[in-house]
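Written below as structure tokens is the structure these notes are about.
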Protein chains: 2
Amino acid sequence: MPKISNKASQMPASPIRKLVPFAEAAKKRGVKIFHLNIGQPDIATPDTFLNAVKNSNIKIVEYSHSAGIESYRKKICGYYKNYNINIDSTEVIITTGGSEAIAIAMMSCFNPGDEIIIPEPFYANYNGFSCASNVIIKPIISSIESGFALPPIEEFEKLITPKTKGIMICNPGNPTGYLYSKSELEGLRDLVKKHDLFFLSDEVYREFCYDGKEYVSVMHLTGIENNVILLDSISKRYSACGARIGALISKNKEIMSAALKFAQARLSPPTFGQIGAEAALDTPPSYFEEVKTEYIARRDFVIEALNKMPGVFCPKPSGAFYCIAKLPVDNSDKFCQWLLEDFNFNNQTVMLAPATGFYSTPGAGIHEVRIAYVLNLSDLKSAMICLQEALNKYPGSTLI
Amino acid sequence: MPKISNKASQMPASPIRKLVPFAEAAKKRGVKIFHLNIGQPDIATPDTFLNAVKNSNIKIVEYSHSAGIESYRKKICGYYKNYNINIDSTEVIITTGGSEAIAIAMMSCFNPGDEIIIPEPFYANYNGFSCASNVIIKPIISSIESGFALPPIEEFEKLITPKTKGIMICNPGNPTGYLYSKSELEGLRDLVKKHDLFFLSDEVYREFCYDGKEYVSVMHLTGIENNVILLDSISKRYSACGARIGALISKNKEIMSAALKFAQARLSPPTFGQIGAEAALDTPPSYFEEVKTEYIARRDFVIEALNKMPGVFCPKPSGAFYCIAKLPVDNSDKFCQWLLEDFNFNNQTVMLAPATGFYSTPGAGIHEVRIAYVLNLSDLKSAMICLQEALNKYPGSTLI
């Protein structure tokens with residue numbers, strides 16, 4: 001039998017996926033599970049999107065342009081303009097989800113063995129894409145005590161070697177919910193400029209910024225236009241994760257030309273998703289206002305509930321729909337498995353994401369979990385009651 | 001400005017794409033172009049597919065399982081059973097088009113620097129995916145004189161080095177339309193077994209086999225079950241290229257487990273495409289019979305018309321909807337460009353794919369073009385008249 005590739009052996013399996021068999025077994029036992037483990041919102045996709053797909057009336061589901069349907073690429077520039085991101089249609093390539101935008105950006109920018117610095121905890125799949133591109137992630141820990149603020153620029157500088165080719169962030173952050181300030185981003189800009197690095201920014205949660213705090217895009221930073229690559233997705237914006245529509249955006253013509261070659265090799269992004277996404281650009285502002293109001297209520301409830309639990313600490317995030325909580329447990333991987341395998345309260349339990357999967361420093365996040373507040377308030381209330389009960393009963397509690 | 005990756009620099013640009021600006025300019029001059037250059041069929045997508053998407057009534061476009069919607073994976077096993085390919089749902093991963101199946105297979109099987117042997121001419125994007133995975137293609141020329149039959153196994157054997165990790169074929173073939181015989185495939189099987197290689201087979205045109213010739217899948221070959229990976233797509237089967245639904249199929253559990261990790265990193269294949277594809281499994285046989293009858297009529301017309309032209313030679317393919325023709329021209333890249341830039345007949349011209357893009361041996365295919373007979377008979381007739389006129393007028397004709 002031929003041997004699989006080294007890359008395939010090293011490819012990380014998601015720590016959340018490891019829990020799936022335990023969740024399935026719990027369901028078979030009739031236990032209701034509150035899924036706080038994944039960023040799959042329960043919010044309805046806007047009618048603009050769904051009706052456009054329904055009424056598309058195409059007779060042949062043809063390839064689109066490799067960079068995406070031209071009318072969509074043109075129209076989406078207006079969307080970005082509302083965020084003061086000024087691009088034209090040649091500066092955007094529509095991708096198959098944000099995932100493909102990350103994969104293409106990595107292949108376009110980095111050679112095998114190149115290093116990129118990413119503040120951790122970070123979106124677990126960055127590990128997968130860097131492994132697929134043989135790129136080495138140099139993590140820099142942002143602490144829960146600081147609410148996951150950007151570590152001091154000096155700490156980044158310490159990690160820079162001749163192999164360093166880029167910096168990558170997620171803003172607002174998954175899994176932290178942290179929203180970077182203008183001055184934090186300006187610090188990164190100066191560093192990027194000084195060392196002439198690529199600056200990749202995953203900003204798929206820009207619709208979810210709270211408390212009147214300002215969303216600052218890497219595209220707003222001046223003087224590093226050729227360094228910046230914006231990675232985007234409609235998955236969260238329109239609650240359309242399954243549409244698989246994202247975007248790679250840059251003013252760097254060499255990068256766009258390279259990215260287009262990778263895009264051409266895979267022919268085109270999905271046609272139906274693009275049809276929906278283009279129409280969804282006309283979604284009324286009220287949709288987003290309602291969604292935001294809903295998420296703020298959920299966040300406020302969850303953060304307060306968590307911090308009331310003895311031994312729990314959870315900083316209040318200003319963006320996205322995640323938070324990272326520190327729990328009074330010996331090991332959050334074990335705790336999350338125990339929740340599914342050995343626990344229920346009134347035949348209910350919660351599924352959480354162990355935070356270890358979001359760190360690449362071994363041992364980091366061992367007491368933390370990520371909670372996605374993507375359920376309605378009533379379910380979130382039941383979920384928090386379950387969690388409280390579980391923490392009281394868990395044999396590996398560190399409270400006593 | 002930071003430097004793009006070596007991979008991005010080396011990534012081949014499609015020779016067809018290079019012609020696009022000339023085609024656009026011709027259109028602006030009011031010239032009608034018959035597009036024989038790409039495999040985008042003019043056949044309607046079946047109603048089973050389109051209606052399922054229209055009537056799906058989903059309220060949230062959610063992520064599907066990373067391996068694809070479970071009911072679809074189960075049901076598709078019945079489709080394969082009709083072709084005597086016996087798999088269960090754990091042996092199939094639904095991919096984002098056949099393209100992603102190729103990309104994931106390459107990443108799962110091969111290390112950078114590993115070599116795979118591919119008979120040429122081959123589907124041009126294999127170059128792109130091998131470049132993206134740093135895999136080295138060792139081409140082996142199949143000649144137009146033999147109708148693109150498989151080269152003798154001894155010729156393959158000569159190319160095998162300690163770096164050789166796999167063999168890849170497309171059957172029925174794009175761009176040749178050649179359908180491999182059972183004995184040709186058994187020859188490859190023996191070779192694969194002897195050297196314990198991976199055997200990747202792209203069989204997306206299995207619905208398009210003509211003249212009563214037998215379709216033999218790599219999945220029918222016994223004794224190499226752990227070596228074989230079947231790469232598939234619904235793009236041509238249902239004329240649904242833009243749905244971006246394909247499949248990676250193998251009995252090798254290590255490969256399936258590796259492939260799933262790559263699939264998980266990109267979350268899921270497109271939801272709407274899967275909904276359509278699952279429903280399309282119930283497309284009545286009459287749809288495929290009509291389509292096949294249509295393609296046979298087109299093929300018969302095109303091949304006869306081509307071989308009647310002085311100096312043209314085109315073997316008759318038994319599958320897919322392509323043929324490769326040798327033309328009496330100095331250079332088919334130049335000729336294809338000239339067709340768009342300097343020629344028209346009654347304000348019409350044809351766009352062809354220069355065959356050089358389907359060879360990786362430098363200079364090979366310089367007198368050949370690929371013709372996709374994806375237009376209706378009336379358009380094909382006009383296109384062939386255009387081509388005949390063009391060959392009479394082309395300054396680089398080799399006839400005199």
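Numbers at a glance
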item	result
DSSP-loop GluC sites (Glu not before Pro) across the range B:214-304, with at most 11 other Cβ within 10 angstrom	B:Glu214
Kirkwood Rh and Cα Rg combined as Rg/Rh, the range A:243-291	1.11
Ellipsoid equivalent to the range B:57-111 - semi-axes via the Cα gyration tensor, in Å	21, 19, 9
Residues B:Val192, A:Val312, B:Val20 arranged by fewest to most Cβ contacts within 10 Å	B:Val20, A:Val312, B:Val192
Under 17 Å from the Cα of A:Lys236 - aspartates and glutamates, other chains or at least 8 residues apart	A:Asp42, A:Asp47, A:Glu100, A:Asp202, A:Glu203, A:Glu207, A:Glu278, A:Asp282, A:Glu289, A:Glu290, A:Glu294, B:Glu62
B:Val31, B:Val218 arranged by Cβ crowding within 10 Å, fewest neighbours leading	B:Val31, B:Val218
Packing rank of A:332-345, B:349-362, where each peptide gets the mean count of other beta carbons within 10 Å, highest leading	B:349-362, A:332-345
Percent of beta bridges antiparallel (DSSP, the protein assembly as shown, rounded to nearest 5)	45 percent
Helix B:15-28 vs. chain B, principal-axis angle (Cα, 0 to 90°, nearest 10)	50 degrees
Between helix A:285-308 and chain A: long-axis angle, C-alpha atoms, 0 to 90°, nearest 10	30 degrees
Selected from A:Tyr80, A:Tyr322, A:Tyr123 as most flexible by GNM, with chain A as the system and alpha-carbon contacts under 10 Å	A:Tyr80
Where the Cα pairs of chain A fall when distances are cut into 20 Å bins, in %	27, 58, 15, 0
For the protein assembly as shown, alpha-carbon Rg relative to the globular expectation (2.2 N^0.38 Å, N residues)	0.98
Phi to ³J(HN,Hα) by Karplus 6.51 cos²θ - 1.76 cosθ + 1.60 over the range A:373-378, Hz, x for Gly, Pro	8, 9, 10, 5, 4, 5
Ratio Rg/Rh [Cα only; Rh per Kirkwood] for the range B:58-280	0.95
³J(HN,Hα) computed for each position of the range B:108-117 - Karplus, 6.51 cos²θ - 1.76 cosθ + 1.60, integer Hz, glycine/proline x	6, 9, 10, 8, x, x, 5, 10, 10, 9
Most mobile of B:Lys165, B:Lys381, B:Lys59 in a GNM of chain B (Cα contacts under 10 Å)	B:Lys59
Restraint check, A:Lys253/A:Lys292; A:Lys59/B:Lys251; B:Lys27/B:Lys393, Cα-Cα greater than 28 Å	A:Lys253/A:Lys292; A:Lys59/B:Lys251
Unsatisfied cross-links (Cα-Cα over 29 Å) in the set A:Lys74/B:Lys28; B:Lys3/B:Lys165; A:Lys7/B:Lys213	B:Lys3/B:Lys165; A:Lys7/B:Lys213
Candidates B:Pro285, B:Pro15, B:Pro310: whichever shows maximal mean-square fluctuation once chain B is modelled as a Gaussian network with Cα springs under 10 Å	B:Pro285
Relative contact order of chain A, pairs being alpha-carbon contacts under 8 Å that are 6 or more residues apart, as %	25 percent
Simple spin-label estimate for A:Glu186 and A:Asn376 in nanometres, 7 Å along Cα-Cβ	4.5 nm
Environment charge at B:Glu62 (Cβ cut-off 13 Å; Lys +1, Arg +1, Asp -1, Glu -1)	+2
Antiparallel content of DSSP bridges confined to the range B:58-280, in %, to 5	30 percent
For A:Ile140, distant residues with modelled amide H under 5 Å away	A:Ile118, A:Glu120
Least to most buried among B:Met309, B:Met256, A:Met11 (fewest other Cβ within 10 Å first)	B:Met309, B:Met256, A:Met11
Reach of B:Lys18 by Cα under 20 Å, taken over aspartates and glutamates that are not fewer than 8 positions away in the same chain	A:Glu70, A:Glu91, A:Glu254, B:Asp330, B:Asp333, B:Glu341, B:Asp342, B:Glu368
Cβ neighbours within 10 Å from other chains - mean over B:125-133	4
Helix-only [θ]222 nm of chain A, DSSP H runs n ≥ 4, -39500 (n - 2.57) each, per residue, nearest 500	-12000 deg cm²/dmol
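Each value in this text was obtained by applying a stated rule to the coordinates, not by laboratory testing. Please read all numbers here as calculations on a predicted model, not as lab measurements. Heads up, the Cβs are rebuilt from the backbone with ideal geometry, glycines too, and the neighbour counts pull from every protein chain shown.
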